[in-house]
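Below is one structure, written out as structure tokens, with a few remarks after it.
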Amino acid sequence: MLAQTPPMGWNSWNTFGPNISEALVRETADAFVTQGLKDAGYEYVVIDDLWEAPERDAAGRLAADPEKFPRGIKPLADYVHSRGLKFGIYSCAGSHTCGVKPASFGYEEEDAQTFAEWGVDFLKYDFCYKPMGVDGRALYERMGQALRATGRPILFSACEWGRMHPWDWAAPRAGAHMWRTTGDINDSWQSMAEIGFEKQKNLERFAGPGRWNDPDMLIVGMHGKGNVAHGGCTDEEYRTHFTLWCMLAAPLMIGCDVRNMDAATKDILTAPEVIAVNQDPLGCQGYGLGSDGHEGEVWKKVLGDGSLAVGLFNRHDHGRRMMPVSWEGLGIHDRRPALVRDLWARRNLGTFTRTYATQVDAHAAKLLKITPVY
Ligand code: GLA
């Protein structure tokens with residue numbers, strides 16, 4: 001069973017766009033191992049669009065760009081597997097990819113077979129150049145069926161940007177394990193906040209083991225450089241972004257250059273107790289309990305051990321503020337003592353009744369685990 005917890009990995013698009021190559025993917029797989037990403041749970045190394053040759057080969061099969069991947073895809077997938085990791089690739093439901101390369105419309109069975117022969121473990125399936133008059137959902141169903149027919153377990157990542165309400169049909173009808181809920185993220189606080197805080201509202205009931213809402217790939221550690229650069233964020237803002245994606249039970253697909261992470265980036269991306277919230281086996285997506293009227297938000301995610309993950313987010317642009325969280329608001333009996341642990345700091349803060357309050361800086365977040373004591 002694939003994706004029983006939100007998929008974790010890396011995707012080439014956010015930083016590298018068209019500038020991908022065999023060397024980059026190999027070095028990325030190496031960095032997963034040497035930088036502790038593999039140990040932290042990251043597994044899928046995924047190449048996005050523009051890996052393709054301009055035309056299909058003489059037999060009508062998809063082929064890799066001979067300059068970027070001179071030996072083709074199979075040896076690269078083998079290399080990624082040899083590091084104990086999984087390999088992912090990209091195609092599109094239309095006639096061409098968003099980068100105008102050959103895509104899978106009308107070739108679903110052939111392409112699924114090709115991917116299976118290459119050893120692909122993950123397919124991101126985009127939505128550009130859909131022929132007019134064709135039902136988009138049917139195209140995802142077709143590819144989902146073609147993937148299953150190969151007999152190889154291939155994680156199916158639907159990327160139609162939330163256009164056709166994929167939360168309603170992508171898992172049950174197309175067998176997708178995750179589906180994008182919005183348009184593309186860029187490396188800015190504004191883009192992250194709009195997607196993460198605003199556009200995931202009321203989608204939590206559609207997520208669970210094997211099926212996840214995907215608010216797009218992480219921008220942590222991009223620092224304003226790369227393909228979707230847009231001014232960049234501070235480390236504090238990246239920490240908030242990561243906290244939010246963990247609360248959302250979102251796939252954690254790293255978008256920075258993992259070969260060259262600074263210490264802060266690595267600390268964020270490998271924070272064990274924060275990742276544990278994302279990877280909680282119950283698979284409940286967290287949600288906001290509302291705003292305090294000053295751009296302060298308390299979020300709640302139910303965990304499998306009977307405790308709660310609680311995110312305190314200060315979305316205001318200026319100023320530290322005191323943010324209280326009440327047991328009543330969380331659904332814990334008022335007089336019940338509960339242990340409060342800071343998951344970023346990895347330390348217990350004490351046992352409290354009724355309420356807990358802490359200071360949160362502008363654009364910062366706290367992530368707490370609150371465990372009622374019985
Ligand atoms: C779309 C997707 C992106 C990326 C590009 C590649 O915009 O949403 O995530 O895959 O296409 O061209």
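Structure notes:
- Here the stretch 275-333 is the region considered, the condition is being in contact with an Asp or Glu (Cβ under 9 Å, 6 or more places away or on another chain) and aliphatic (A, V, I, L, M), and the residue that is surrounded by the most Cβ atoms within 10 Å (Cβ to Cβ) is ALA309.
- Residue pairs whose Cβ atoms lie under 6 Å apart, sitting 6 or more positions apart in sequence or on different chains, and linking a residue in the stretch 289-305 that is modelled with pLDDT under 95 to a partner that is part of a loop (DSSP other than H, G, I, E, B), are GLU295/ARG315; GLU295/HIS316.
- The stretch 126-156: number of residues that are within 19 Å of LYS101 (Cα to Cα), in contact with a strand residue (DSSP E or B) (Cβ under 8 Å, 6 or more places away or on another chain) and in contact (Cβ under 8 Å) with a residue 40 or more places away in the chain: 3
- The requirement of being open to solvent by 50 Å² or more (accessible area, probe 1.4 Å) and on the phi > 0 side of the Ramachandran plot is satisfied by GLY133.
- When residues of the stretch 103-122 are limited to those that are open to solvent by less than 20 Å² (accessible area, probe 1.4 Å) and closer than 18 Å to ASP65 by Cβ, the one farthest from the ligand (Cβ to nearest atom): THR114
- Screening ASP334 on (1) touching a strand residue (DSSP E or B) at 6+ places or on another chain (Cβ under 6 Å); (2) modelled with pLDDT under 95 shows it passes everything except condition (1).
- Near pairs, Cβ below 9 angstrom, 6+ apart or cross-chain, from the stretch 1-29 (under 27 Å from GLN285 (Cβ atoms) and without any contact (Cβ under 8 Å) to a residue 60 or more places away in the chain) to any residue that is open to solvent by less than 20 Å² (accessible area, probe 1.4 Å) and within 13 Å of the ligand (Cβ to nearest atom): SER12/ILE20; SER12/VAL46; SER12/ILE47; SER12/ASP48; SER12/ASP49; SER12/TRP51; SER12/TYR90; SER12/GLY255
- Any hit, the stretch 63-79, residues being more than 28 Å from TYR107 (Cα to Cα) and crowded, with 16+ Cβ neighbours inside 10 Å: no
- Evaluation of TYR42 against the conditions (1) open to solvent by less than 30 Å² (accessible area, probe 1.4 Å); (2) within 16 Å of the ligand (Cβ to nearest atom) shows that the sole unmet condition is (2).
The values are calculated or read from the model by the stated rules, or taken from the named source; none is laboratory data. None of the values given here were measured: they were computed from a predicted structure. Positions of Cβ are backbone-derived with ideal geometry, glycine not excepted, and every protein chain shown enters the neighbour counts. Calculation scope for accessible area: heavy atoms of the full protein, side chains included, ligands and nucleic acids excluded. Shrake-Rupley method; radii C 1.70, N 1.55, O 1.52, S 1.80 Å.
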